[in-house]
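Trainee: Pasting a structure below so you can have a look.
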Amino acid sequence: MALSRIASSSSRSHLIKPLTTALSLRRPISSLSSTDDTTTLTFETSVPFTSHRCDPPSRTVETTPKELLSFFRDMALMRRMEIAADSLYKAKLIRGFCHLYDGQEAVAVGMEAAITKKDCIITAYRDHCIFLGRGGTLLEAFAELMGRKGGCSKGKGGSMHFYKKEGGFYGGHGIVGAQVPLGCGLAFAQKYSKDENVTFALYGDGAANQGQLFEALNMAALWDLPAIFVCENNHYGMGTAEWRAAKSPAYYKRGDYVPGLKVDGMDAFAVKQACKFAKEHALKNGPIILEMDTYRYHGHSMSDPGSTYRSRDEISGVRQERDPVERIRKLILSHELATEKELKDFEKEVRKEVDEAIAKAKESPMPDPSELFTNVYVKGFGVEAYGADRKEVRAVLP
Amino acid sequence: MATIIQGIGAAAALSSSNSFDSKRFHLPSRRSLSERKGSFLVVRSDGRVIPGSNPRGRRTDQLITNAVAAKADASAASTASKPGHELLLFEALREGLEEEMERDPRVCVMGEDVGHYGGSYKVTKGLAPKYGDLRVLDTPIAENSFTGMAIGAAMTGLRPIIEGMNMGFLLLAFNQISNNCGMLHYTSGGQFTIPVVIRGPGGVGRQLGAEHSQRLESYFQSIPGIQMVACSTPYNAKGLMKAAIRSENPVILFEHVLLYNLKERIPDEEYVLSLEEAEMVRPGEHITILTYSRMRYHVMQAAKTLVNKGYDPEVIDIRSLKPFDLYTIGNSVKKTHRVLIVEECMRTGGIGASLTAAISENFHDYLDAPIVCLSSQDVPTPYAGTLEEWTVVQPAQIVAAVEQLCQ
C-alpha cells in the first residue's frame, strides 16, 4: 500500500492528496455502507499532538473504508439530529434547556471508535450525540427531549439527563463539574472489579475551573484509577471566552503531575488515535487528561444566540475550515469511496430517518400522573413510604 | 469493664427497665459470632417478627427484642448465662459493618482516616488490615469528590459507605448528595440505583465549637430520594447499619458524638431492623413524647422524674427521620391525645417542625392540646460549657413542658 502524503500548507487548511493504490476503490454504493475493512487507508492527522509529561502518539492514523464511511454516517446523523432539535425547540415542543452539540461530533464519534461498550462514558448536559454513539436510538432521544414516555429516562429527565446503562453511558448531568468525581467513581469500580475497562469523564472548558476536578485528579492519580479526563474545549464557557475565565487555558497541562495530550477535536481520527492511546495509558499508568480542541456552532443553549460574545465571521470561518463532517466528506471523495451525489443522497436518507423518528416520538404519550412518584425510591428490602395507615403514600391528582 | 456513658445521666436512665417493653425472651445458650448461620430475622420494634422472613422459623420466639442492660435482671441470672454479648455503640456499628462486608464483597467503605487510622471514632478499626486498602479506602480531604466518587461507584453496582468524619463536613458534599445521590434514580427513569450509606457523627458534643457541633438532619430532610435514620442504642445502631447497607436506596445514618461509648447487651444472632419503623421505648397513657438520638436519654431521665410525680409518659424513639413512621406515632397519638416532640435539631425548619406538620395534618382530631416541640436553639453552638448546655433541651425543660401540657 502506498502511503499518502498530506501536504498541509498551514495548520488550518488541509489538502488531502488521494491515495495511490493498486486497487481501484470505485464501487457502487447504494446505502453508503461498505463491508471493506481489509483495505487500509493511511493518512495523517491535521496537526501533531502536543503532550505534557508523556510521549505523544504518532500522527499517522490507519483506517478502513468501512470505518470511514461509518464515521460519515454517524456524524451526519448526529448533525441532523441536533438541527432537528433546534427546530423542535423553536416550535416549543422541546422546553427548558437544550444544549446542542453540532460542531463537536468528531469527539463523540472518534471516542466511540476507540473503545467498547464496557468502557464507561460520563458527561455533562451536552449529551445528545454521545447518547447516540453509545447505542441510544433517535426515537428514545427525541421522545425524552419532548418529555414523552418513550424517552430513555421515561420523560422524567429531559435534555440534560440522558442515560443508557447497557451502553455504559452514565449521563447526562446538569451541574457541571459534579460528573467528574462520579467518573472517578466509575473508574474506581472498574479497578475494584479488575475488569480492564476505562472511564472517560468529559467536561468543558468552563467546568475545568471547578475545584472538584482537581480533587478528582488527585484521587485518580493517587490510586492509579483507569480514568481519562477529557476536556471538550469549545473555547466558551457559556458567554465567557476561555481567556477571560482561566489563567492557564492549557487545560491538558492543568493536571500537573497527570500527563496530558492536546488533540484537534474537529478531526475524528485524531480523537480516535488519542482515545486509543489514552485507554492503553490509563490501564497501565493511571489517569491522563485529553484536551479536545473543538467548537460549537450553536450558542451555549437554545436560549443563547451565540453571537453576542463571538463574531459571525468566527463561526463561519470555523465551519468552512474545520468542520468535522466536511473533513470526512473530503476524505471519502478523495479516496473515491463514494461520489458526491451518493453522499448527498445519503444525507437525504438521514434527514428522512430523523423526521420519521420525530414523528414517531410525537405519537409517544405523555407520562401518566402516577409516574410522578415512581422511581423516587427503589422498592424492595426495608423500603416502603408509609402513610398513617401503613399503606403506600398515594396522592390523588385533580 | 466499667460502663462508660457520657453525659446522659448515667445508668439511672437505663435502669428504669422495669417500665420498658417487657416482651423479653432468653436464648438457651450463647452462640459465638462465627457459628451463626446465614439466616436473619427482620425484627419489628414491638418484638414481633415478620412471618416468613426467617426460613428456620422456630427461633422466632427465642429472640431478645429489647436487650438493654437492666439491673432488675442482673440479679436473677449470672453474667455467664446471660444471652447475647455486651459492647459499646461504636463496636456495634463496626460489627454490623463487618458482617455486611463479609456477606457481600461489593460493600466498601470510604472516608477520611477510616483505613490505617481505624476511623476517628474507631468504627472501622481493624477493617483495613482485614479487607485491604481498596475496600476500606483512606481518602484525601475532599468531601465533595469522594462522595461523588462513591455515588459513581454505586451506579455500577458497588455498595459504598461514605463516612463523614463529622456530619458537618458533608455540607461540602451537599451538591453530590442532593443532585446525584438523591435524584439519579429518578432522572434516569429507574436505570440506576444508588445504594450508598452516608454516615457520620453529628450533634452537639462536649464543647467542640460551632462548626463541629452542627445539627444537620434538617438540611438534608427535603432532598427527595434519600432516606434518613438516626440510631441511639447499640442495638438499633447495628440493626440500622445493616438495614441501610442492604437497602437499594441512599440512606443517611445519623450517629451522635456523645453516644459512641454507650454499652448494651445485644443478641448474638444476626438481626436487621426496619428502616422506617419507630421504637417504643416506654409505653404510657398520658402523653406521647417523640424523640430521637441523644435526646432519647434526656427524655428518659425526665421520664423518671415524671413517673415520680405521677405522670405516665409514652416515649417513642422515632428512629426514622425520613419517612416518619406515622403508623406507630399515630396509634400513640390516638391513645394519649397529647404530643411533645423533643429534638436536638434547630427550631427553624427542623425535624420537629416537619413532624408537627405531619401530625397536625393527619391526626388533628385526636389532639386535645397543641403539639409542643422542644428543639435546640437557632444559634451556632457556643464553646462555653454553660452556654452549650442551654443550647440543647435539658430534662428539666422536658418535665416542665409535660406538666404544662398535661394540665
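Read-outs throughout are calculated quantities, based only on the coordinates presented, and are distinct from any laboratory measurement. Remember, it's a predicted structure, so these values are computed and weren't measured experimentally. For neighbour counting, all protein chains shown are included, and Cβ atoms are generated from backbone atoms with ideal geometry for every residue, glycine included.
Trainee: When you go through B:142, B:153 one by one, which is the residue that is surrounded by fewer than 24 Cβ atoms within 10 Å (Cβ to Cβ), at the interface with chain A (Cβ under 7 Å from one of its Cβ atoms) and not charged (D, E, K, R)?
Mentor: B:142
Trainee: Which of (1) crowded, with 24+ Cβ neighbours inside 10 Å; (2) touching a Leu at 6+ places or on another chain (Cβ under 6 Å) is the odd one out, the single condition residue A:109 does not satisfy?
Mentor: So the condition that residue A:109 fails would be (2).
Trainee: If you take just the helices (runs of 4 or more DSSP H) that sit entirely in the stretch A:131-234, which of them hold at least 3 residues that are within 15 Å of residue B:152 (Cα to Cα) and among the aliphatic types (A, V, I, L, M)?
Mentor: The helices (runs of 4 or more DSSP H) meeting that bar are A:179-193, A:211-223.
Trainee: Okay, next question. With of a type in the set (Gly, Ala, Ser) and within 14 Å of chain B (Cβ to nearest Cβ) as the only criterion, which of A:241, A:246, A:208, A:221 stands out?
Mentor: Answer to the check: A:221.
Trainee: Among (1) within 27 Å of residue B:104 (Cα to Cα); (2) within 14 Å of chain A (Cβ to nearest Cβ); (3) of a type outside the set (Val, Ile, Thr), which single condition is residue B:268 missing?
Mentor: (2)
Trainee: Still on this structure, I have one more. Looking for whichever is touching a Phe, Trp or Tyr at 6+ places or on another chain (Cβ under 9 Å), crowded, with 21+ Cβ neighbours inside 10 Å and more than 9 Å from chain B (Cβ to nearest Cβ) here; the options are A:227, A:143. Which one fits?
Mentor: From the options A:227, A:143, the qualifying one is A:227.
Trainee: Suppose we keep only residues that are without any contact (Cβ under 8 Å) to a residue 12 or more places away in the chain and in a helix (DSSP H, G or I) within the stretch B:303-336. Which one would you say is farthest from residue B:225 (Cα to Cα)?
Mentor: Per the criteria, the residue is B:308.
Trainee: Would you pick out the residues in the stretch A:164-174 that are touching a residue at least 12 places away in the same chain (Cβ under 8 Å) and facing chain B (nearest Cβ under 8 Å)?
Mentor: A:164, A:170, A:171, A:172, A:173, A:174
Trainee: Against the definition (among the basic types (Lys, Arg), under 17 Å from the mean Cα position of the chain (by Cα) and farther than 20 Å from residue B:179 by Cβ), how does residue A:191 come out, yes or no?
Mentor: no
Trainee: Restricting to the stretch A:241-256, what's the tally of residues that are within 24 Å of residue A:125 (Cβ to Cβ) and either aliphatic (A, V, I, L, M) or exposed (fewer than 15 other Cβ atoms within 10 Å of the Cβ) (or both)?
Mentor: So the count comes out to 5.
Trainee: Could you please find all residues in the stretch A:188-205 being of a type in the set (A, V, I, L, M, F, W, C) and at the interface with chain B (Cβ under 8 Å from one of its Cβ atoms)?
Mentor: Result: A:188, A:189.
Trainee: Still on this structure, I have one more. Determine the pairs where a residue that is surrounded by fewer than 20 Cβ atoms within 10 Å (Cβ to Cβ), located within the stretch B:371-398, has a partner that is among the aromatic types (Phe, Trp, Tyr) and outside any loop (DSSP other than H, G, I, E, B) with Cβ atoms under 8 Å apart, the partner being 6 or more residues away or on another chain.
Mentor: So the pair list comes out as B:377/B:390.
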